2 protein chains.
Amino acid sequence: MSKLLITISREYGSGGLLVGQELAEALGLPCYDKKLLTIAAEKSGFSEEMLRQAESRATNSLLYSLATSLGVGAFGPDTLSLYDKLYLAQFDVIRQMADEGSCVIVGRCADYVLRAYENCYHFFLHAPLEDRMERATKEYGENPNNIKSTVLKHDKARANYYYHYTSQKWGDAKLYDLSLNTSRTGVDGAVKMLLHYLETIHAV
Amino acid sequence: MSKLLITISREYGSGGLLVGQELAEALGLPCYDKKLLTIAAEKSGFSEEMLRQAESRATNSLLYSLATSLGVGAFGPDTLSLYDKLYLAQFDVIRQMADEGSCVIVGRCADYVLRAYENCYHFFLHAPLEDRMERATKEYGENPNNIKSTVLKHDKARANYYYHYTSQKWGDAKLYDLSLNTSRTGVDGAVKMLLHYLETIHAV
C-alpha cells in the first residue's frame, strides 16, 4: 500500500480515540495522540509538564480564547507567546511524523496541519450529547453528577483550541473527508466503515 | 427490508442531488426533491408558481435572512407570514411522504423535519469549492464568468434557509449520520459508500 496518512478529529465521548487506535491497529500503523506531546517536549527542549500545562490552560479556559481574540492574553503577552511556541513545536512534530511514514494522528489540529499533504484522509467522529455523557461516565470514569457540563466544557475547549490555530469551525463537515455518528455505528462499526472507505479510495 | 427514510443535504455543485437519485434507484425507493413543491402546491391550495417564487426569494436574498432575523420582513410582515405558511405546507408534505413509506428526500430541511423519525438516516454531501465550481459549469451549465459568486450565493442561500427554519448551522457534521466529500469518492463512489453504510446499519 502507498503512504497513508489519517487524521481523526472527534467529539469528547464519541469513542473517537478508540476508533483511531483500532483503525491504526487494523492497518498496522502507528497511532499518535497525546504521545505527540512527549515527542514535542523531547525535541523542542520544553519540558513535558510545561506542554501539559499549556494544553490544559489553552483548552480549558474561556478566558484563553477571549484573551487570544484580543491579542493580549489573560496570562500576559509573554506567557501566551510561549504557549503558541509550544503548540508550533507540536505541529512541527506532526509534520515530521507524516513525513516519516504512514500513520494515524488523533486530535491536535492534525487535519489542519496536514491539509496540503497527499494521501491524507480526514475523519470526524461525533455522537449525540446524551450518548457521549453516558460513555464519558461509564468508559472514562467521569463524575456523573456534573457530566453534562464536563462534556460541554470539552467540546468548547476543542472548538476554541481549533479555532485559535486554524480560524475554522471545528466539526464543520466540509473540513473532513468523512464524518460519522458513532452512536449509529458503534466503535467497531465505525472502524469497519473507515476501513471500507480506505479500501475503496486508497486500496489499502 | 424494514421501513427506511433517507435525507440528503448537499452543497451546491457537490453532485448530491445525483447521489440521492441514484441511491433511491439502487434501493428501489421514490426520490423527492423539487417534486415536493408541486405536491405541496396541490395539497395546500397555493399555486406552484407561488411556492417557487417564495423559495427563490427566501433562498436567494440576504435581505430575507436579515428581515426574518429582525422579525419584520423586507417584503412586509403579511407577505413574510405567507412564505412561512408555504414552507410549513411543504414540511407537512415531507412528514406525509415519510409516514406513507420508505423514501429518499433531497434538501428542504428534511433532516430537521424528520429528526424524530425512526429508521431515518441523514447524509450530507460536500466538496471543495473549486470542484463545485467546475461541476456547476460543466454539469449544470452555469455561466463560468461569475461561477464562484454563483456557487457561494447558493451556499449562503441554503445556510440562510436552513438556519431560519431550524436555528441550526447547515453543514455542521453533528447534524448528520454520515457526511462525505464527493471529490474524494466521485458520485458513484458516494452512492456505493452510502449503500454499504445502509447495508451494514439497516440491513437493506
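The values are calculated or read from the model by the stated rules, or taken from the named source; none is laboratory data. If you're wondering where the values come from, they're calculated on a predicted model, not measured in any experiment. Cβ coordinates were reconstructed from backbone atoms using ideal geometry, including for glycine residues, and neighbour counts include every protein chain displayed. Side chains included, ligands, DNA and RNA excluded: accessible areas come from the protein's heavy atoms. Shrake-Rupley method; radii C 1.70, N 1.55, O 1.52, S 1.80 Å.
Hey, could you check region B:10-26 for residues that are of a type in the set (Gly, Ala, Ser) and part of a loop (DSSP other than H, G, I, E, B) and say which is nearest to the other protein chains (Cβ to nearest Cβ)?
If we filter region B:10-26 for residues that are of a type in the set (Gly, Ala, Ser), which is where we start, we get B:13-16, B:20, B:24, B:26.
Next, only the ones that are part of a loop (DSSP other than H, G, I, E, B) stay: B:13-15.
Numbers: B:GLY13: 12, B:SER14: 9, B:GLY15: 14 Å.
Residue satisfying both the conditions and the ranking: B:SER14.
Does region A:132-139 include one or more residues that are aliphatic (A, V, I, L, M) and out of contact with any Gly (no Cβ under 8 Å at 6 or more places or on another chain)? Working first, answer last.
Of region A:132-139, the ones aliphatic (A, V, I, L, M) are A:133, A:136.
Within this subset, residues satisfying the condition of being out of contact with any Gly (no Cβ under 8 Å at 6 or more places or on another chain) are none.
For region A:132-139, residues aliphatic (A, V, I, L, M) and out of contact with any Gly (no Cβ under 8 Å at 6 or more places or on another chain): absent.
Would you be able to tell me the number of residues in region B:1-42 that are more than 15 Å from the chain's Cα centre (by Cα), touching a residue at least 24 places away in the same chain (Cβ under 8 Å) and open to solvent by 40 Å² or more (accessible area, probe 1.4 Å)?
Looking only at that region, the number is 6.
Here is a check on your reading of the model: is B:THR200 among the β-branched types (Val, Ile, Thr) and open to solvent by 50 Å² or more (accessible area, probe 1.4 Å)? Break it down stepwise before answering.
Working: among the β-branched types (Val, Ile, Thr): yes; open to solvent by 50 Å² or more (accessible area, probe 1.4 Å): yes.
Here the answer is yes, as B:THR200 does meet what is asked.
Hey, could you check region A:43-52 for residues that are in contact (Cβ under 8 Å) with a residue 12 or more places away in the chain and in a helix (DSSP H, G or I) and say which is surrounded by the most Cβ atoms within 10 Å (Cβ to Cβ)?
A:LEU51
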